[in-house]
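Below you'll find the structure, written out as structure tokens, and then a few comments.
The values are calculated or read from the model by the stated rules, or taken from the named source; none is laboratory data. Predicted, not measured: the structure shown is a model, and the values here were computed from it. Quick reminder, even Gly has a Cβ in these numbers, built from the backbone with ideal geometry, and neighbours come from all protein chains shown. Areas reflect the complete protein model, heavy atoms only, side chains present, ligands, DNA and RNA absent. Shrake-Rupley method; radii C 1.70, N 1.55, O 1.52, S 1.80 Å.
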Amino acid sequence: MLGMIGGFMAFIIVAVVILVILSSCIRIVPQAQALVVERLGGYLGTYGVGVHFLIPFIDRVAKKVNLKEQVEDFPPQPVITKDNVTMQIDTVVFFYITDPKMYAYGVERPILAIENLTATLRNIIGDLELDETLTSRETINAKMQESLDLATDPWGIKVTRVELKNIIPPAAIQEAMEKQMKAERERREAILKAEGEKKSMILVAEGNKESAVLNAEAEKEAAILRAEAEKEKKIKEAQ
């Protein structure tokens, strides 16, 4: 009896082990993902959406790749402008994987590699003065995107967009810029106030002019009426 129970338990254990092994050999790949599969340590293929089967102990998933567009926000880095102003700029990079195989084998840590590549921002900013840097974001973004896309192409990565999120000048320059902006706002307010007062004076003058014209016309008509009345009176007296 004990032998039968022991044999039954052994059968269950073996069956469970077989089921675990079989289940580990089945891979269901969802939408916007891909699996890079190796066989005996060598690249076998890239599995797309659907159900796939691996040979136990021979095949393995080397890397699971997300094919959606991804966003990485990198910390600020110091850059120096052409006129020797040091500022902090942080970048946001949008990208997606075009080739899972190249992404898996092209570089060890792709995101870190992209972050290091954003250091090319220093070269771009180095050719611009402070004012140009603050007003040429679109140009800088385009140059960064082109540079990163070219460098990451061998890694199966497509850089679609680069954005300079924050440009932080030194505190002294920020203070000077704020004072300049305040002075500009005050100047515009003074201009608007002066223009308002001018328009008001013009309206008052035009009103006085129209009033004087109307008064003159009324006086003229009154004089004509008086003259006609005097004339009619004299005619009646003559009769």
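Output the number of the condition that residue 148 fails; it satisfies all remaining conditions of (1) at pLDDT below 85; (2) assigned to a helix (DSSP H, G or I); (3) open to solvent by less than 90 Å² (accessible area, probe 1.4 Å).
Failing condition for residue 148: (1).
Please list, ordered by residue number, the strands (runs of 3 or more DSSP E) wholly in the stretch 56-99 having 1 or more residues that are at pLDDT 90 or above and either more than 19 Å from residue 27 (Cα to Cα) or open to solvent by 60 Å² or more (accessible area, probe 1.4 Å) (or both). Full working, then the answer.
Numbers: elements: 59-66, 70-73, 77-80, 86-97.
So the answer is 59-66, 70-73, 86-97.
So that you can scan it fast, the table gives a plain yes or no per residue for (1) modelled with pLDDT under 75; (2) in a helix (DSSP H, G or I); (3) open to solvent by less than 100 Å² (accessible area, probe 1.4 Å):
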position	(1), (2), (3)
120	no, yes, yes
134	no, yes, yes
144	no, yes, yes
158	no, no, yes
162	no, no, yes
166	no, no, yes
172	yes, yes, yes
195	no, yes, yes
229	yes, yes, yes
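Answer yes or no as to whether residue 139 is touching a Ser or Thr at 6+ places or on another chain (Cβ under 8 Å) and not small (Gly, Ala, Ser). I'd like the intermediate steps shown before the answer.
Values: touching a Ser or Thr at 6+ places or on another chain (Cβ under 8 Å): no; not small (Gly, Ala, Ser): yes.
When the stated conditions are applied, residue 139 does not pass them.
Cβ-Cβ under 6 Å, sequence separation 6+ or interchain: first residue in the stretch 114-126 and of a type in the set (S, T, N, Q), partner open to solvent by 40 Å² or more (accessible area, probe 1.4 Å). Which pairs?
120/147
Report, ordered by the first and then the second residue, all pairs with beta carbons closer than 9 Å, sequence separation of six or more or different chains, a first member in the stretch 31-56 that is touching a residue at least 24 places away in the same chain (Cβ under 8 Å), and a second member that is part of a loop (DSSP other than H, G, I, E, B) and of a type in the set (A, V, I, L, M, F, W, C).
Once the first residue is touching a residue at least 24 places away in the same chain (Cβ under 8 Å) and sits in the stretch 31-56, its partners that are part of a loop (DSSP other than H, G, I, E, B) and of a type in the set (A, V, I, L, M, F, W, C) give 32/49; 32/67; 33/49; 33/67; 34/49; 34/67; 37/54.
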